[in-house]
1. Please work out if residue 21 is part of a helix (DSSP H, G or I), more than 21 Å from residue 97 (Cα to Cα) and modelled with pLDDT of 90 or more.
2. Taking residue 44 and the conditions (1) more than 12 Å from the chain's Cα centre (by Cα); (2) more than 23 Å from residue 99 (Cα to Cα), which numbered condition does it fall short on, given that it satisfies the others?
3. Is there a residue in the range 65-78 that is modelled with pLDDT under 95, under 26 Å from residue 107 (Cβ atoms) and not in a helix (DSSP H, G or I)?
4. Here are some residues: 70, 27. Which one is over 12 Å from the mean Cα position of the chain (by Cα), without any contact (Cβ under 8 Å) to a residue 60 or more places away in the chain and closer than 26 Å to residue 103 by Cβ?
5. Give me the residue from the range 81-96 that is in a loop (DSSP other than H, G, I, E, B) and in contact with a strand residue (DSSP E or B) (Cβ under 8 Å, 6 or more places away or on another chain) and, out of that set, modelled with the lowest pLDDT.
6. Which ones in the range 12-55 are surrounded by fewer than 17 Cβ atoms within 10 Å (Cβ to Cβ) and touching a strand residue (DSSP E or B) at 6+ places or on another chain (Cβ under 8 Å)?
């Protein structure tokens with residue numbers, strides 16, 4: 001179903017994000033893993049690499065719109081397209097695309113972290 005697709009997964013170092021990344025890769029997608037903590041991203045990447053697929057990891061500050069935009073641009077520059085953008089970054093109950101959430105609103109959900 002995802003064979004040959006290019007997918008970005010924000011929050012890929014977490015439990016759910018890592019599971020999504022593994023499934024996407026298993027289904028044939030080239031996955032670009034984005035998150036705050038390089039060590040957790042690398043653990044997911046190592047698992048994907050050893051079992052089933054292509055991956056790339058990048059530490060991305062999702063609170064910085066410019067950084068997110070630059071990351072997306074780099075994926076598109078490398079692959080020629082972006083088919084799936086999957087956001088697992090916590091933001092309460094707001095159901096918006098990552099770039100549709102203001103940085104100020106997004107920061108509110110992280111104050112307790």
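The values are calculated or read from the model by the stated rules, or taken from the named source; none is laboratory data. Note that the coordinates shown come from a computational prediction; the quantities given were computed from them, not determined experimentally. Glycine also receives a Cβ, built like all others from the backbone with ideal geometry; neighbour counts cover every protein chain displayed.
1. no
2. Residue 44 satisfies every listed condition except (1).
3. no
4. Going through 70, 27 in turn, the sole match is 70.
5. Filtering the range 81-96 for residues that are in a loop (DSSP other than H, G, I, E, B) and in contact with a strand residue (DSSP E or B) (Cβ under 8 Å, 6 or more places away or on another chain), the one modelled with the lowest pLDDT comes out as 89.
6. 37, 38, 42, 49, 54, listed by residue number.
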